[in-house]
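Heads up: the structure comes next, in structure tokens.
The values are calculated or read from the model by the stated rules, or taken from the named source; none is laboratory data. Keep in mind it's a predicted model, so treat the numbers as computed, not measured. No Cβ is skipped: glycine too gets one built from the backbone with ideal geometry, and neighbour counts run over all protein chains shown. Note: accessible area is taken over every heavy atom of the protein model, side chains too, but ligands, DNA and RNA are not part of it. Shrake-Rupley method; radii C 1.70, N 1.55, O 1.52, S 1.80 Å.
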Amino acid sequence: MTLALCIVGCGAFAQTFAQGIQSLRHDIDLFFASRDVQRARAYAALFQGSGAVGSYEAAAADPRVEAMYLCTPHHLHQAHAALAARAGKHILVEKPIARTLEEGRGIIAEAQRAGVTLMVAENYHFMAAVRACKGLIAQGRIGRLRLVQMQEEAPFRPDQWRRRRDLSGGGVFIDGGIHKAHLLRYLAGEPVRIYAAALPQVLDEHEGEDGIVVMVQCANGAVGLINHSWTRAPRPAPPWVSIAGTRGRLSFEVGASWLSIEQGRAERTMPLADDPSGLAPMVQAFQASIRGGYEPEVSGAEGLSDLAVVLTAYASMDQGVALPLQR
């Protein structure tokens with residue numbers, strides 16, 4: 001059965017999402033909802049959509065729509081999730097699940113009361129390189145984990161609601177950096193202690209932090225180091241991930257179709273599926289969880305745990321001390 005999925009909010013990332021799942025066009029019937037119906041219709045025409053509506057309420061009321069992908073600003077996630085749940089629509093919500101743990105718990109409660117599937121759109125979880133690393137770590141191929149490092153300088157200039165801390169919930173870390181928080185949890189396990197420091201500000205018009213370094217100690221003893229920032233540099237180095245164990249190391253560039261594996265003196269490159277975004281397998285997993293009636297891998301609870309890492313990092317940054325993970 002195909003899944004009738006409505007993209008709610010026709011901004012720039014909605015285009016990225018629709019383009020990223022074009023390989024699923026025989027499995028997913030795309031609908032588009034925008035407060036500007038002409039914009040929704042333009043997106044539907046561009047991506048061979050099955051329909052377009054001029055309000056989010058119309059999308060929730062549309063009997064053709066089975067699930068809603070909430071690609072709206074962070075401060076609207078809770079209201080839009082409630083709209084979807086109360087209409088009996090399954091929910092795929094963009095990360096972060098919410099701005100606060102209270103809002104996140106409210107979203108989870110709405111979905112549970114309505115009996116609908118709730119999944120957080122954490123596409124990094126489904127990237128081929130990330131899945132390969134997860135399998136190799138589980139097999140003990142690099143021994144016991146020691147250090148997970150992630151580095152990204154993104155040439156991004158936030159505007160509109162992203163500039164306001166009250167609307168976004170923070171800055172770069174709750175926005176793009178939460179991907180790294182999820183990867184750390186997925187690959188290295190749950191954090192127990194977090195220290196964070198903001199970098200000197202570059203984007204003066206932005207209220208939240210535009211650069212952050214986060215050091216995390218995990219329950220298994222492994223240490224995580226995240227360096228994530230927005231930059232004015234026109235051509236920053238590609239974002240990368242490095243995972244060191246007692247017997248080897250794994251590394252890759254985010255979005256690349258290869259994985260470097262080092263064991264002792266030997267080094268080889270593993271070719272991977274050419275799926276730079278992880279969006280298509282993410283939507284396939286969402287569809288499978290709905291059809292199978294089981295909780296998705298990146299459930300609401302998982303999204304809440306990712307958010308807890310971000311918010312603890314913010315508390316550490318403000319207080320200047322390392323803090324235990326705050327749930």
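Numbers at a glance
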{"read-out": "Qualifying residue in the range 154-166 (condition: assigned to a helix (DSSP H, G or I), of a type in the set (Phe, Trp, Tyr), under 22 Å from Lys134 (Cβ atoms) and open to solvent by less than 50 Å² (accessible area, probe 1.4 Å))", "value": "no"}
{"read-out": "Positions within the range 183-235 being of a type in the set (S, T, N, Q), touching a Phe, Trp or Tyr at 6+ places or on another chain (Cβ under 9 Å) and in a strand (DSSP E or B), in sequence order", "value": "Gln217"}
{"read-out": "Selected residue (criterion: surrounded by the fewest Cβ atoms within 10 Å (Cβ to Cβ)) from residues of the range 37-87 that are among the aromatic types (Phe, Trp, Tyr) and closer than 22 Å to Met1 by Cβ", "value": "Phe47"}
{"read-out": "Members of the range 96-124 that are part of a helix (DSSP H, G or I) and open to solvent by less than 10 Å² (accessible area, probe 1.4 Å)", "value": "Gly104, Ile107, Ala111"}
{"read-out": "Contacts under 7 angstrom Cβ, first residue in the range 52-68 being without any contact (Cβ under 8 Å) to a residue 40 or more places away in the chain and within 26 Å of Gly293 (Cα to Cα), partner of a type in the set (A, V, I, L, M, F, W, C) and in a loop (DSSP other than H, G, I, E, B), 6 or more apart", "value": "Ala60/Ala87; Ala61/Ala87"}
{"read-out": "Scan of the range 136-187 for residues that are over 13 Å from the mean Cα position of the chain (by Cα), closer than 19 Å to Ala233 by Cα and of a type in the set (Gly, Ala, Ser), ordered by number", "value": "Ala154, Gly171"}
{"read-out": "Some residue of the range 200-214 being touching a helix residue (DSSP H, G or I) at 6+ places or on another chain (Cβ under 9 Å), open to solvent by 30 Å² or more (accessible area, probe 1.4 Å) and within 29 Å of Ser316 (Cβ to Cβ)", "value": "yes"}
{"read-out": "Qualifying positions in the range 272-316 - more than 22 Å from Gln78 (Cα to Cα), out of contact with any strand residue (DSSP E or B) (no Cβ under 6 Å at 6 or more places or on another chain) and either among the polar types (S, T, N, Q) or not in a loop (DSSP other than H, G, I, E, B) (or both)", "value": "Ser277, Leu279, Ala280, Pro281, Gln284, Ala285, Ala288, Arg291, Gly292"}
{"read-out": "Qualifying helices (runs of 4 or more DSSP H) (wholly inside the range 4-86; at least 2 residues being farther than 20 Å from Gly176 by Cα)", "value": "37-46, 56-61, 77-86"}
{"read-out": "Whichever residue in the range 246-264 is touching a Lys or Arg at 6+ places or on another chain (Cβ under 7 Å) and part of a loop (DSSP other than H, G, I, E, B) and, among such residues, is most open to solvent (accessible area, probe 1.4 Å)", "value": "Thr246"}
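Rundown of residues vs (1) modelled with pLDDT of 95 or more; (2) farther than 11 Å from Leu187 by Cβ; (3) touching a helix residue (DSSP H, G or I) at 6+ places or on another chain (Cβ under 6 Å), yes/no style:
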{"site": "Ile97", "(1), (2), (3)": "yes, yes, yes"}
{"site": "Glu102", "(1), (2), (3)": "yes, yes, no"}
{"site": "Arg113", "(1), (2), (3)": "yes, yes, no"}
{"site": "Asn123", "(1), (2), (3)": "yes, yes, yes"}
{"site": "Arg131", "(1), (2), (3)": "yes, no, no"}
{"site": "Gly143", "(1), (2), (3)": "yes, yes, no"}
{"site": "Arg146", "(1), (2), (3)": "yes, yes, no"}
{"site": "Gln151", "(1), (2), (3)": "yes, yes, no"}
